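Some notes on the structure that comes next.
The values are calculated or read from the model by the stated rules, or taken from the named source; none is laboratory data. For clarity, every value in this text was computed on a predicted model and none was experimentally measured. Because the Cβ atoms are built from the backbone with ideal geometry, glycine has one as well, and the counts that use them run over all protein chains shown. Surface accessibility is based on the protein's heavy atoms, side chains included, excluding ligands, DNA and RNA. Shrake-Rupley method; radii C 1.70, N 1.55, O 1.52, S 1.80 Å.
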Amino acid sequence: MTGEFERRHGFPPSTNEVRPANSDDQGAARALAQASFMPADLVTFYGSIGSVTWADVGNGYFLDPASDVLLRLQEIGAVDLVAEQRIQGLVIGSNGGGLSYVAASDGSVYRTRTASLDESELDKVADDLRQFLELLERSLTRFVADGEPGSL
């Protein structure tokens with residue numbers, strides 16, 4: 001399988017895993033739960049899932065550990081998604097190509113249009129975390145089937 005992957009894509013396979021949450025991840029999830037704009041389904045997700053790393057699917061898909069999300073929240077604060085509606089969110093991962101995924105306080109998930117979070121424009125990619133995770137799964141399934149990662 002390793003030889004086939006390298007022959008098909010031109011590089012050896014990297015880390016691709018859904019890592020279960022450990023006690024440190026769960027502690028960070030509890031700390032994140034204290035943020036008033038933290039979606040409940042994201043707290044539940046981080047109670048079970050430590051991180052998602054699919055380095056070989058296109059540029060990669062990454063859902064950061066709760067500890068990284070918490071550190072980013074402490075260092076730069078929440079991301080303003082829709083200023084006039086006062087919707088804020090947390091950067092929860094990236095697509096490996098420089099675009100970030102942001103979970104909004106209402107549970108929806110956005111993707112930045114550029115690599116910058118400073119006055120960044122965002123596009124809504126999912127109505128909630130479940131739909132976002134389903135889109136990730138479809139991207140993985142498509143990549144396995146035909147080598148195309150999709151547009152997420």
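Projecting the Cα positions of Gly96, Leu133, Ser67 onto the charge dipole of the chain (unit charges on Cβ atoms of Lys, Arg, Asp and Glu, taken about the Cα centre) puts Leu133 furthest along the positive direction. The H on the amide N of Asn59, modeled in the peptide plane, is under 5 Å from the matching H of no residue at least 5 residues off or on a different chain.
Heavy-atom accessible surface of the chain, averaged per residue, reaches 55 Å², computed with a 1.4 Å probe.
By how many nm would the segment from Gln34 to Leu117 grow when fully extended, if each residue of separation counts as 0.36 nm and the alpha-carbon distance is taken off?
27.6 nm is the gain from fully extending Gln34 to Leu117.
Each helix, a run of at least 4 DSSP H residues, gives -39500 (n - 2.57); summed and divided by the residues of the chain, these come to -11000 deg cm²/dmol at 222 nm.
R0 = 22 Å: FRET efficiency of Gln131 with Asp106, Cβ-based, nearest 0.05? Result of the calculation: an efficiency of 0.95.
Helices that extend 24 Å or more along their long axis by alpha-carbon positions and average at least -0.5 on the Kyte-Doolittle scale are, among the DSSP H runs of the chain, 129-146. Across all Cα atoms of the chain, the radius of gyration (one decimal) and Dmax (whole number) stand at 15.7, 52 Å.
Rounded to 0.05, the FRET efficiency of the Ile76 and Asn16 pair, given R0 = 30 Å and the Cβ-Cβ distance, is 0.60.
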